[in-house]
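Worksheet for the structure shown next.
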Amino acid sequence: MNMIAANEVRVCMNEAGARRQPFLFGVDFELSEGFFVLDPLGQQEILFEVGGVSNSPMGEGISGVLSEKMFSMNPMAYEVYREKFAVVREGLACGDSFLLNLTVATGLDTNWTLEEIFHRAQSPYRLLVPGRFVCFSPEIFVRMDEGMISSYPMKGTIDASVPDAERVILEDYKERSEHNTIVDLIRNDLNRVAERVDVKRFRYIDRLRVSRGEILQVSSEVTGRLTGDYYSRLGEIVFGMLPAGSISGAPKPSTLRIITQAERERRGFYTGVFGYFDGKKLDSAVMIRYIEVRDGWYYFRSGGGITINSDCRTEYEEVLAKVYLPFGNERSK
């Protein structure tokens, strides 16, 4: 798959939107490269599923004995994470950020292929770019339909097996502060591209089935009204909200500078966005829950929101807890 400049993706989205022509798009976190595919249901170069619409051949890539499959972590040393955390903590203490999403790459020992993971994954948003990465995201970026734009920021995760897990996550001060900040940021982002922006639902629970059981995630719904011929501005609207607030932080400009200093590597397509336009509706996702191949090695990218009240050890354990395969109750070693 030939990648193109991110700005070219934006232009192509505007042009195809004006013609009401279906397309698939993706753009990386740094807004440097992306892909754009017209009439994506008729091609197999990039496989995807967006809101139940997919070009994936049914039943492929899911055979094999699960007990013989391997999936284990080679995590970043805690001391290395602590150095990154310290950079973030300094930025927070100086007031340059109120909330920052710090991400890391965790090495994997696995004999799952990217294709097998894609076909078996249970997720509303799946994407496979062969030879590069697979994504199985639960997080909507934006949806546009009949003049409305909606975003669903997701912030706050807990293992469902924790006693009284729903109450624990909803009453956690740190998690509540993070979620409030992100909802406010998304509301501001939507105000740049839409009118009559409103928080329609606030801090509701999503239940997600994963390989180790079930997790709970806290989401909100923010909506706005698009005006005029917004189809010819699909690229402008999407790019006007990038990078996604839930995986960057607030305020965005200074927070992004701290992210660069702390992470010391490009995120690439991890935490970028991808989506599908069917000629009428656009649906898109944030590229989290993401496995990439670099120099023949597999890496699982994950992260978490850091505030002035965050504990380093707890945050380290959280990013590792997010390393999983979304295979329901199926077992992997």
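General observations
- The lone exception for Arg257 - which of (1) surrounded by fewer than 17 Cβ atoms within 10 Å (Cβ to Cβ); (2) touching a strand residue (DSSP E or B) at 6+ places or on another chain (Cβ under 7 Å) it fails: (2)
- Residue within segment 91-99 that is touching a Pro at 6+ places or on another chain (Cβ under 8 Å) and assigned to a strand (DSSP E or B) present: no
- Residue count for segment 1-35, restricted to those that are part of a strand (DSSP E or B) and of a type outside the set (A, V, I, L, M): 6.
- Pick from segment 1-29, criterion more than 20 Å from the chain's Cα centre (by Cα) and among the basic types (Lys, Arg), ranking: most open to solvent (accessible area, probe 1.4 Å): Arg19
- Residue check, Asp39 over 19 Å from Ile291 (Cα atoms) and in contact with a Pro (Cβ under 7 Å, 6 or more places away or on another chain): yes
- Test: residue in segment 56-69 that is under 25 Å from the mean Cα position of the chain (by Cα), modelled with pLDDT under 90, under 23 Å from Trp297 (Cα atoms) and open to solvent by 50 Å² or more (accessible area, probe 1.4 Å): yes
- Looking only at residues of segment 290-319 that are under 18 Å from the mean Cα position of the chain (by Cα), modelled with pLDDT of 95 or more and open to solvent by 20 Å² or more (accessible area, probe 1.4 Å), we find that the one that is farthest from Tyr78 (Cα to Cα) is Val293.
- Residue within segment 142-154 that is buried (at least 17 other Cβ atoms within 10 Å of the Cβ), in contact with a strand residue (DSSP E or B) (Cβ under 8 Å, 6 or more places away or on another chain) and part of a loop (DSSP other than H, G, I, E, B) present: yes
- Residues within segment 267-289 that are small (Gly, Ala, Ser), open to solvent by less than 10 Å² (accessible area, probe 1.4 Å) and more than 17 Å from Met13 (Cβ to Cβ), tallied: 0
The values are calculated or read from the model by the stated rules, or taken from the named source; none is laboratory data. Computed from a predicted model, the values in this text were never measured in an experiment. So basically every Cβ, Gly included, is an ideal-geometry build from the backbone, and we count neighbours across all protein chains shown. Ligands, DNA and RNA are excluded from the accessible area calculation, which covers all protein heavy atoms including side chains. Shrake-Rupley method; radii C 1.70, N 1.55, O 1.52, S 1.80 Å.
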